[in-house]
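Please read the structure below before turning to the comments.
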Amino acid sequence: MARDSCDGCGRTVTVAGGIANLWTFGDGGEGTAMTLELADGTAHLLCYPCIEVIPDEPTAEDVDRLEQVDEETSRLRAA
Ligand SMILES: [Zn+2]
């Protein structure tokens, strides 16, 4: 497990094996974040709560607007 922080809300996350791209959804806590590649070619490490609330086709602005609400919840700040 590698420790890192979410590019959106800044909470500490763990990435299974240090390779974010191998994280798989729903199989029991292998990690709490994954790397999301945006249409503009940039990659952002995002925690699961942020992935839940970010739009289907996120932009870097959406990533900037992510903020932590509590341990298990994130939200998009109003623009
Ligand atoms: Zn986050």
When Cys50, Cys6 are arranged by how many other beta-carbons sit within 10 Å of their Cβ, fewest first, they go Cys6, Cys50
Estimated distance in nm for a label pair at Glu67 and Thr42, the labels positioned 7 Å out from Cα along Cα-to-Cβ:
1.9
Tell me which residues come under 5 Å, amide H to amide H, from Arg11 once H is placed; ignore anything under 5 positions away on its chain.
Cys6
Between Thr59 and Ala79, the two model label points (7 Å from Cα along the beta-carbon direction) sit apart by a distance in nm of 0.6
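Here, each number is a calculation from the coordinates, and none is a lab measurement. All of these numbers come straight from a predicted model, not from anything done at the bench. A quick note on method: Cβ atoms are made from the backbone with ideal geometry, for glycine too, and the neighbour counts reach across all protein chains shown.
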